[in-house]
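Student: So that we are looking at the same thing, I have put the structure below in structure tokens.
The values are calculated or read from the model by the stated rules, or taken from the named source; none is laboratory data. Small disclaimer: the values here were computed from a predicted structure and weren't measured. As a convention, Cβ positions derive from the backbone with ideal geometry for all residues, glycine included, and neighbour counts pool all protein chains shown.
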């Protein structure tokens, strides 16, 4: 049996997300566009983020089994669509914390959860989490045997791990003040000497994940962790994806999230779920695009006798936008449902997630282009 209708709880979730977007996200753009740098614009969204925390939107990205409010990935897609239909940039910071928590949710021990998770469940403050994987040299082929692999390394010294390397495009990782997020899940390659990857080994055997917190950074010498820059992010002018450096940063052994050999699978699972959720982002953008273009087409004649909506060429363009939004939503929901419930092994589930990401993001770009054509006629 297939049912495309939302449950009563999901309808309430959608209404609540839409209300928050109108009350808080919509006004965020006016606040952050007054600033000229990426870092300043990011900090200008702090009150919006605090409102999201208070509204339970960070807790809502944690599974109910761990004390949060997340029921399913489809629920997450419903929320994301509403946010991206109004204000994608400020929304990305909220959702970036959900991404940052994903490896922690998948792999944390009971002790780690008890110690580090409550700050994201309390409904107070502005706690940020970050998934720290990408690097300046790119990481698309990070698990290819014989390749350079990750440049960020970790070695064991007594009861501690020592991190060296640089990261880039890691949403929220610098925190509000550039001193690190409240929780960073840092993906590293195990190396005793910090040298290049062994071409004879499976790179996945050496991948580990370490938990870095402000307390860990404060316990190190100055310069052990540093945000080098906050690059401009086209399309997300208020998000933060800094270029950061670890220089012999010492991390307690208790903060080992995934030992060598177990980190790669957790990273792949994190990317898989987030890939499908990108589909929901595309749907939100297409919705906003369609609504804006439709209203314009109804209101303007462009010098003619009738609104341009009555012209077949314009109507055809908007029909295509609407179809892409609907098909993208269905593919995204299917992919997310499969991740949560199957069928198939992880490889099969990941394939659907990647289909949703690629199709929906490309559809969003084409829809914006088509809407611009319609408005320009």
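Student: State which residue pairs qualify: first residue at positive phi and inside segment 142-158, second residue part of a loop (DSSP other than H, G, I, E, B) in any location, beta carbons under 8 Å apart, and separation of 6 or more residues or different chains.
Tutor: Sorted first by the residue in segment 142-158, then by its partner, the pairs are 146/199; 149/142; 149/143; 149/196; 149/197.
Student: Further, regarding this structure: Is it the case, given these coordinates, that residue 298 is without any contact (Cβ under 8 Å) to a residue 40 or more places away in the chain, surrounded by 13 or more Cβ atoms within 10 Å (Cβ to Cβ) and part of a helix (DSSP H, G or I)? Give the steps one after another, and end with the answer.
Tutor: Numbers: without any contact (Cβ under 8 Å) to a residue 40 or more places away in the chain: yes; surrounded by 13 or more Cβ atoms within 10 Å (Cβ to Cβ): no; part of a helix (DSSP H, G or I): yes.
No.
Student: Please determine, by comparing only the residues of segment 189-203 that are free of Cβ contacts under 8 Å to residues at least 60 places away in the same chain and touching a strand residue (DSSP E or B) at 6+ places or on another chain (Cβ under 9 Å), which one is farthest from residue 157 (Cα to Cα).
Tutor: Taking segment 189-203 and keeping what is free of Cβ contacts under 8 Å to residues at least 60 places away in the same chain, we get 189, 191-202.
When the remaining residues are screened for being touching a strand residue (DSSP E or B) at 6+ places or on another chain (Cβ under 9 Å), the result is 189, 191-195, 197.
On the way: 189: 15, 191: 12, 192: 9, 193: 11, 194: 13, 195: 16, 197: 19 Å.
The qualifying residue farthest from residue 157 (Cα to Cα) is 197.
Student: As an exercise: evaluate residue 356 against (1) touching a helix residue (DSSP H, G or I) at 6+ places or on another chain (Cβ under 9 Å); (2) free of Cβ contacts under 8 Å to residues at least 40 places away in the same chain and give the number of the one condition it does not meet.
Tutor: Residue 356 satisfies all of (1) touching a helix residue (DSSP H, G or I) at 6+ places or on another chain (Cβ under 9 Å); (2) free of Cβ contacts under 8 Å to residues at least 40 places away in the same chain except (2).
Student: Residue under question is residue 39, and the condition is that it be assigned to a helix (DSSP H, G or I), crowded, with 17+ Cβ neighbours inside 10 Å, over 17 Å from the mean Cα position of the chain (by Cα) and touching a residue at least 60 places away in the same chain (Cβ under 8 Å); does it hold? I'd like the intermediate steps shown before the answer.
Tutor: Numbers: assigned to a helix (DSSP H, G or I): yes; crowded, with 17+ Cβ neighbours inside 10 Å: yes; over 17 Å from the mean Cα position of the chain (by Cα): yes; touching a residue at least 60 places away in the same chain (Cβ under 8 Å): yes.
Considered against the rule, which asks whether it is assigned to a helix (DSSP H, G or I), crowded, with 17+ Cβ neighbours inside 10 Å, over 17 Å from the mean Cα position of the chain (by Cα) and touching a residue at least 60 places away in the same chain (Cβ under 8 Å), residue 39 comes out as yes.
Student: While we're here: Mind listing whichever residues of segment 15-28 are closer than 13 Å to residue 60 by Cα and touching a helix residue (DSSP H, G or I) at 6+ places or on another chain (Cβ under 7 Å)?
Tutor: Here is the first cut: in segment 15-28, the residues closer than 13 Å to residue 60 by Cα are 16-17.
17 - this is the single residue of segment 15-28 that is closer than 13 Å to residue 60 by Cα and touching a helix residue (DSSP H, G or I) at 6+ places or on another chain (Cβ under 7 Å).
Student: Among what's in segment 3-19 and is touching a residue at least 40 places away in the same chain (Cβ under 8 Å) and assigned to a helix (DSSP H, G or I), pick the residue that is surrounded by the most Cβ atoms within 10 Å (Cβ to Cβ).
Tutor: Here is the first cut: in segment 3-19, the ones touching a residue at least 40 places away in the same chain (Cβ under 8 Å) are 4, 6, 9-10, 13-14, 17-18.
From what's left, assigned to a helix (DSSP H, G or I): 9-10, 13-14, 17-18.
Values: 9: 10, 10: 16, 13: 20, 14: 16, 17: 24, 18: 17.
That would be 17.
Student: Further question on the same structure: Taking the conditions exactly as written (farther than 15 Å from residue 273 by Cβ and surrounded by fewer than 17 Cβ atoms within 10 Å (Cβ to Cβ)), does residue 330 satisfy them or not? So that I can check it myself, show each step before the final result.
Tutor: On the way: farther than 15 Å from residue 273 by Cβ: yes; surrounded by fewer than 17 Cβ atoms within 10 Å (Cβ to Cβ): yes.
Criteria met by residue 330.
Student: Test residue 350 against the criterion of being assigned to a helix (DSSP H, G or I) and under 30 Å from residue 2 (Cα atoms), and give yes or no. Lay out the reasoning, then the answer.
Tutor: Numbers: assigned to a helix (DSSP H, G or I): yes; under 30 Å from residue 2 (Cα atoms): yes.
Judged against the criteria, residue 350 is a match.
Student: Given the condition at pLDDT below 95 and either surrounded by fewer than 22 Cβ atoms within 10 Å (Cβ to Cβ) or under 18 Å from residue 264 (Cβ atoms) (or both), answer yes or no: does some residue in segment 148-157 qualify?
Tutor: To start, the set of residues in segment 148-157 that are at pLDDT below 95 comprises 148-149.
When the remaining residues are screened for being either surrounded by fewer than 22 Cβ atoms within 10 Å (Cβ to Cβ) or under 18 Å from residue 264 (Cβ atoms) (or both), the result is 148-149.
Checking segment 148-157: at least one residue is at pLDDT below 95 and either surrounded by fewer than 22 Cβ atoms within 10 Å (Cβ to Cβ) or under 18 Å from residue 264 (Cβ atoms) (or both).
Student: Residues that are under 14 Å from residue 100 (Cα atoms), at least 3 per element: which strands (runs of 3 or more DSSP E) completely within segment 153-224 meet that? It would help to see each step written out before you state the result.
Tutor: Values: elements: 153-157, 160-167, 183-190, 207-212.
Correct list: 183-190, 207-212.
Student: Quick test for you: out of 361, 367, 313, pick the one residue that is assigned to a helix (DSSP H, G or I), touching a residue at least 24 places away in the same chain (Cβ under 8 Å) and under 17 Å from residue 78 (Cα atoms). Lay out the reasoning, then the answer.
Tutor: Numbers: 367 fails: under 17 Å from residue 78 (Cα atoms); 313 fails: under 17 Å from residue 78 (Cα atoms).
The match here is 361.
Student: Being exposed (fewer than 14 other Cβ atoms within 10 Å of the Cβ) and either within 21 Å of residue 53 (Cβ to Cβ) or in contact with a helix residue (DSSP H, G or I) (Cβ under 9 Å, 6 or more places away or on another chain) (or both) is the filter here; which residues of segment 122-140 pass it?
Tutor: 122, 123, 124
Student: So which residues in segment 47-69 are more than 18 Å from residue 116 (Cα to Cα) and either in contact with a helix residue (DSSP H, G or I) (Cβ under 9 Å, 6 or more places away or on another chain) or crowded, with 24+ Cβ neighbours inside 10 Å (or both)?
Tutor: Going through segment 47-69, the residues more than 18 Å from residue 116 (Cα to Cα) turn out to be 47-52, 54-55.
Correct list: 47, 48, 49, 51, 52, 55.
Student: Within segment 108-146, track down each residue that is more than 29 Å from residue 231 (Cβ to Cβ) and part of a helix (DSSP H, G or I).
Tutor: In the first step, residues of segment 108-146 are kept if they are more than 29 Å from residue 231 (Cβ to Cβ); the result is 108-115, 117-118, 121-124, 145-146.
Across segment 108-146, the qualifying residues are 110, 111, 112, 113, 114, 115, 118.
Student: Give the number of residues within segment 280-316 that are touching a helix residue (DSSP H, G or I) at 6+ places or on another chain (Cβ under 8 Å) and within 22 Å of residue 329 (Cβ to Cβ).
Tutor: Of the residues in segment 280-316, 15 are touching a helix residue (DSSP H, G or I) at 6+ places or on another chain (Cβ under 8 Å) and within 22 Å of residue 329 (Cβ to Cβ).
Student: For segment 234-283, give me each residue that is assigned to a loop (DSSP other than H, G, I, E, B), on the phi < 0 side of the Ramachandran plot and at pLDDT below 95.
Tutor: Kept after step one, since they are assigned to a loop (DSSP other than H, G, I, E, B), are these residues of segment 234-283: 234-242, 259-262.
From the residues that got through so far, the ones that are on the phi < 0 side of the Ramachandran plot too are 234, 236-242, 259-260, 262.
Selection gives 234 alone.
Student: Within segment 77-91, can you find the residues that are more than 13 Å from residue 17 (Cβ to Cβ) and buried (at least 24 other Cβ atoms within 10 Å of the Cβ)? So that I can check it myself, show each step before the final result.
Tutor: Within segment 77-91, the first condition is being more than 13 Å from residue 17 (Cβ to Cβ), and the residues that meet it are 88-90.
Residue satisfying the conditions is 90 alone.
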